[in-house]
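Encoded as structure tokens, the structure appears first; notes follow it.
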Amino acid sequence: IAGITQAPTSQILAAGRRMTLRCTQDMRHNAMYWYRQDLGLGLRLIHYSNTAGTTGKGEVPDGYSVSRANTDDFPLTLASAVPSQTSVYFCASSRDRGQPQHFGDGTRLSIL
Amino acid sequence: AQSVTQLDSHVSVSEGTPVLLRCNYSSSYSPSLFWYVQHPNKGLQLLLKYTSAATLVKGINGFEAEFKKSETSFHLTKPSAHMSDAAEYFCVVSDQASGNQFYFGTGTSLTVIP
């Protein structure tokens, strides 16, 4: 079934550790996105990529980095995790920027 | 600046009665508007979208929304609620001025009472 796969589904991490959240899509979409979802705040854009080889900063990029080496993969890295990064992280993709986005099932991340 | 306000954080309806989830938006240009649904521990699923065609938009599962430019609203409705409609609903705005970035509302939690 075509879609977006995120891994891991959940993780508990000690503060200060490095963590990479994985995201893979098989729809050949050009654009990909990372959001964090926090209670009462909706979804906020962390980073995005309009096409392979390019990335951009969203609303809340600090403490996060991304890469887009190919069309399918868009990993999100926390270089040194802090408790405020405890959240549910969603990866999404769209055929092009501005088109409807398709979402993965999320990664629940707890930083202790 | 683009923004979305979902006027109710929680809505409760009885099964079989109409659903109304309210959304107001702010946009400098002709906006694209979307409604997404999120079931527990799942990602967001597109319900419907408005992109400057017909102002009354029909989506999946019997939902529809009407774009009213004069009121800057895009309310989501369904004539008869089903138990499976219980979920979180998000209104989203996007326009060219923002580089087509999506701006999400804070969500409305819909409870359906049997």
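The values are calculated or read from the model by the stated rules, or taken from the named source; none is laboratory data. This structure is a prediction, so every number in the text was calculated from the model and none was measured. Note: ideal-geometry Cβ built from the backbone for every residue, glycine included; neighbour counts use all protein chains shown. Each accessible area value is taken on the protein alone, full model and side chains, heavy atoms only, with ligands, DNA and RNA left out. Shrake-Rupley method; radii C 1.70, N 1.55, O 1.52, S 1.80 Å.
When the range B:1-52 is examined, which residues are found to be among the β-branched types (Val, Ile, Thr), out of contact with any Cys (no Cβ under 9 Å at 6 or more places or on another chain) and open to solvent by less than 40 Å² (accessible area, probe 1.4 Å)? Break it down stepwise before answering.
As a first pass, look at the range B:1-52 and keep what is among the β-branched types (Val, Ile, Thr): B:4-5, B:11, B:13, B:17, B:19, B:37, B:51.
Still in the running and out of contact with any Cys (no Cβ under 9 Å at 6 or more places or on another chain): B:11, B:13, B:17, B:19, B:37, B:51.
Result: B:11, B:13, B:19, B:37.
Which one is nearest to the other protein chains (Cβ to nearest Cβ) among residues in the range B:38-63 that are of a type in the set (Gly, Ala, Ser) and over 24 Å from residue B:99 (Cα atoms)? Give the steps one after another, and end with the answer.
The initial filter retains those residues of the range B:38-63 that are of a type in the set (Gly, Ala, Ser), namely B:43, B:52-54, B:59, B:62.
This time we only want the ones that are over 24 Å from residue B:99 (Cα atoms), so: B:59, B:62.
Working: B:59: 11, B:62: 19 Å.
Only one residue tops the list, namely B:59.
Give the range A:52-83 a look and list any residue that's within 12 Å of chain B (Cβ to nearest Cβ) and farther than 26 Å from residue B:42 by Cβ, or say none. Don't jump to the end; show me each part of the working.
As a first pass, look at the range A:52-83 and keep what is within 12 Å of chain B (Cβ to nearest Cβ): A:56-59.
Those that are within 12 Å of chain B (Cβ to nearest Cβ) and farther than 26 Å from residue B:42 by Cβ: A:56, A:57.
Out of curiosity, is residue B:107 buried (at least 21 other Cβ atoms within 10 Å of the Cβ), free of Cβ contacts under 8 Å to residues at least 12 places away in the same chain and not hydrophobic (A, V, I, L, M, F, W, C)? Don't jump to the end; show me each part of the working.
Working: buried (at least 21 other Cβ atoms within 10 Å of the Cβ): yes; free of Cβ contacts under 8 Å to residues at least 12 places away in the same chain: no; not hydrophobic (A, V, I, L, M, F, W, C): yes.
No, not satisfied.
So how many residues does the range B:87-103 have that are more than 15 Å from residue B:76 (Cα to Cα) and of a type in the set (A, V, I, L, M, F, W, C)?
Here is the first cut: in the range B:87-103, the ones more than 15 Å from residue B:76 (Cα to Cα) are B:94-103.
From what's left, of a type in the set (A, V, I, L, M, F, W, C): B:97, B:102.
Adding up the residues that qualify gives 2.
Residue-by-condition table, conditions (1) under 11 Å from the mean Cα position of the chain (by Cα); (2) open to solvent by less than 50 Å² (accessible area, probe 1.4 Å); (3) modelled with pLDDT of 95 or more:
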site: A:15; (1), (2), (3): no, no, yes
site: A:21; (1), (2), (3): yes, yes, yes
site: A:33; (1), (2), (3): yes, yes, yes
site: A:36; (1), (2), (3): yes, yes, yes
site: A:44; (1), (2), (3): yes, no, no
site: A:47; (1), (2), (3): yes, yes, yes
site: A:59; (1), (2), (3): no, no, no
site: A:64; (1), (2), (3): yes, yes, yes
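For residue B:106, are the conditions met, namely being β-branched (Val, Ile, Thr) and within 14 Å of chain A (Cβ to nearest Cβ)?
Working: β-branched (Val, Ile, Thr): yes; within 14 Å of chain A (Cβ to nearest Cβ): yes.
When the stated conditions are applied, residue B:106 passes them.
Which of the strands (runs of 3 or more DSSP E) found entirely inside the range A:1-80 contain at least 2 residues meeting this: aromatic (Phe, Trp, Tyr)? Let's see the steps before the verdict.
On the way: elements: A:4-7, A:10-13, A:19-25, A:31-38, A:42-49, A:64-66, A:76-78.
Hits in the range A:1-80: A:31-38.
Just the residues that are among the aliphatic types (A, V, I, L, M) and open to solvent by less than 50 Å² (accessible area, probe 1.4 Å), please, taken from the range A:79-110. Reasoning before the result, please.
First pass over the range A:79-110, keeping only residues among the aliphatic types (A, V, I, L, M): A:79, A:81-82, A:88, A:92, A:109.
Correct list: A:81, A:88, A:92, A:109.
Since residue B:35 meets every condition but one in (1) within 12 Å of chain A (Cβ to nearest Cβ); (2) touching a His at 6+ places or on another chain (Cβ under 9 Å); (3) modelled with pLDDT of 95 or more, which condition does it not meet?
The number of the failed condition is (2).
State which residue is nearest to the other protein chains (Cβ to nearest Cβ) when the search covers only the range A:26-51 and only residues that are among the small types (Gly, Ala, Ser) and closer than 19 Å to residue A:104 by Cα.
Within the range A:26-51, the match that is nearest to the other protein chains (Cβ to nearest Cβ) is A:42.
Consider only pairs whose beta carbons are under 7 Å apart and that are at least six residues apart or on different chains; among these, list those whose first residue lies in the range A:35-63 and is in contact (Cβ under 8 Å) with a residue 60 or more places away in the chain and whose second residue is of a type outside the set (Gly, Ala, Ser) and in a strand (DSSP E or B).
Going by the 7 Å Cβ cut-off, the qualifying pairs are A:37/A:43; A:37/A:88; A:37/A:90.
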